[in-house]
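Asks: The structure's right below; bear with me while I get my questions together.
Derivation of every value follows stated rules applied to the coordinates shown; laboratory data play no part. Keep in mind it's a predicted model, so treat the numbers as computed, not measured. All Cβ positions, even for glycine, are placed from backbone atoms using ideal geometry, and neighbour counts span all protein chains on display.
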Amino acid sequence: MNKKREHLASRLGFILLSAGCAIGCGNVWKFPWMAGQFGGGGFVLVYILCLLVLGLPVMVMEFAMGRASQASPLGMYQVLEKKGSKWHIHGWFALLGNVALMAFYTVVAGWMIYYFWMFLTGRNQGLGFVEMITNPGVNVIFLAIVVIVGFAVLCFNLQGGLERVTKYMMIALILIMLALVIRCVTLENSLEGLKFYLVPDFSKITGSVIVGAMNQAFFTLSLGIGSMAIFGSYIGKERSLLSESVNVIILDTAVALVAGLIIFPACTSYGLEVGAGPALLFNTMATVFNNMIGGRWWGTLFFLFMVFAAMSTVLAVFENILAMVREKTGWSRPKGSIICAIVIFLLGLTTALGYSKFHFQPFAEGSAWLDFWDFIVSTNLLPLGALIFALFCCNKFGWGWDNFVAEANAGKGWKVKQWMKPIFQFVVPIVVAFLYVYGLFTFAWK
């Protein structure tokens, strides 16, 4: 374990860094296409409820475990668990979850950079999602760019590298989004897209929609694999963790909702399919911009925003992986960064070449390596990790409710109240366990 734990320089740095981990492709790529496929406003409503009832408690627990232990997910259980307990085994699954997430997320981030570059250089006409994902050269080159840039930043100390870069990226992200929202909501027929997106159709809310909303809530907040716990370990006790969690979730949710305000009005304005799935962002938005006056520059701006969103998560999860590896090995930041970069790049090749050279159909027709890694992370490790955090923090056979509350409530701000205990101790684990099992039974295996 590190003799001197690195810390963030400011509270703003912590909030933006945590939000940067949460804000990413889950908000602006995955959330809109899931909302489009699951019926729009009804999915959005259930998603927000999942954030409040499930996401907020789990985030407070992750932050508390990280801050109390001053360790990464690999080491925090050893500090907090009772002697002879086996909770620390989950730390290794947290490391697995972060690595599995980066095995496909780095490739998606590379797609964002590719589209940004093509718009910036004026080669945006004829861009296609299928053409891109089946081009091995494009995928490998831009995967390499993401991995090299990400770990190069982390070679610096935490404040000088990750915190400074993420601050600038998050501020730029918010400014770019505001400009795009104004442009898209003023398009002709944009009201139809806004209605689909914001007005719930309760007849479309099914069990699968609820499972999808829960998994998306955990995915977008990076909960269940210790991604938030690591940032809890980098802050002091000046502020209570419920307040900080609310700030992060508000920022994260605002970005997700605003992403929909950009995409759905633009889709209905140009008569494009809102339920296009994972290709929604790429095919739909490229078509929109190619048919818009000044579209090349609007597209450049939009995909620059996507690059910022994707890289903020890449940087944060890379930091989580690096922290766990360094905690176990004692390596320096540069050495740890180089070795972690090589491992992530090699695993990322499965996804990068999964639509061209490394064909693999794990589930239904059309599925590939990306779907396999996403299944490992989103369908399994995130909800199961959230369940383990809830059981550990709220029960005497784990860390215990009193210890958890004392840590969570240290500092100024909103406190975890006694009346909330049934929500944390019973509602969260029961609902998560039920939806997890239901999700497995209804999963499209073949």
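Asks: Quick check for me: using +1 on Lys/Arg Cβ and -1 on Asp/Glu Cβ, what's the dipole size of the chain about its Cα centre, in debye to the nearest 20?
Replies: For the chain, the charge dipole is close to 1240 debye.
Asks: Set the bar at 24 Å for Cα to Cα. Now go through Lys86/Lys396; Lys328/Lys357; Lys30/Lys204; Lys83/Lys412 and name every pair that lies beyond it.
Replies: Flagged as over cut-off: Lys328/Lys357; Lys83/Lys412.
Asks: Taking the 0 to 90 degree range and rounding to the nearest ten, how far is the long axis of helix 89-120 tilted relative to the main principal axis of the chain, both from C-alpha atoms?
Replies: Helix 89-120 and the main axis of the chain meet at about 30 degrees.
Asks: Can I ask one more? Determine, at each q value in 0.08, 0.13 (inverse angstroms), the log₁₀ of I(q)/I(0) that the Debye formula gives when each Cα of the chain is one equal point scatterer.
Replies: So the normalised log intensities work out to -0.42, -1.17.
Asks: Mean-square fluctuation check for the chain, GNM, Cα pairs under 10 Å: which of Leu198, Leu52, Leu175 is largest?
Replies: Result for the chain, Cα springs under 10 Å: Leu175 fluctuates most.
Asks: At most 16 other Cβ atoms within 10 Å plus a DSSP loop assignment makes a site exposed; report the longest stretch of the chain without any exposed GluC sites (Glu not before Pro).
Replies: 7-187
Asks: In degrees between 0 and 90, to the nearest 10, how far off the longest principal axis of the chain does helix 428-442 point, with axes built from Cα atoms?
Replies: 40 degrees
Asks: Further, regarding this structure: Add +1 for every Lys or Arg and -1 for every Asp or Glu among the other residues with Cβ under 14 Å from the Cβ of Met285, and state the total.
Replies: Within the 14 Å Cβ shell, the charges total +1.
Asks: Where Lys and Arg each count +1 and Asp and Glu each count -1, what net charge lies around Ser227 among other residues with Cβ under 12 Å from its Cβ?
Replies: Local net charge: -2.
Asks: Calculate the translational D of segment 263-374 in whole µm² s⁻¹ from Stokes-Einstein, where the hydrodynamic radius comes from the Kirkwood formula applied to all Cα pairs, the temperature is 37 °C and the viscosity 0.692 mPa s.
Replies: The Stokes-Einstein estimate is 192 µm²/s.
Asks: For Arg239, what residues show an amide H to amide H distance below 5 Å, using hydrogens built from the backbone and excluding near sequence neighbours?
Replies: Answer set, sorted by chain and number: Lys412.
Asks: Under 20 Å Cα-Cα from Lys446, which aspartates and glutamates qualify once same-chain neighbours fewer than 8 residues away are excluded?
Replies: Leaving aside aspartates and glutamates fewer than 8 places away in the same chain, those within reach of Lys446 are Glu365, Asp371, Asp374.
Asks: Right, here's the next one. Excluding residues fewer than 8 places away in the same chain, name every one of the lysines whose C-alpha is closer than 24 Å to that of Lys335.
Replies: Lys3, Lys4
Asks: What is the angle, in °, between the Cα long axis of helix 295-329 and the longest principal axis of the Cα atoms in the chain? Nearest 10 is fine, range 0 to 90.
Replies: Taking the Cα atoms of the chain, the angle to 295-329 is about 20 degrees.
Asks: Straight-line reach from Lys417: which aspartates and glutamates have a Cα under 18 Å away, not including same-chain ones fewer than 8 places off?
Replies: Lys417 reaches Glu62, Glu244, Asp402, Glu407.
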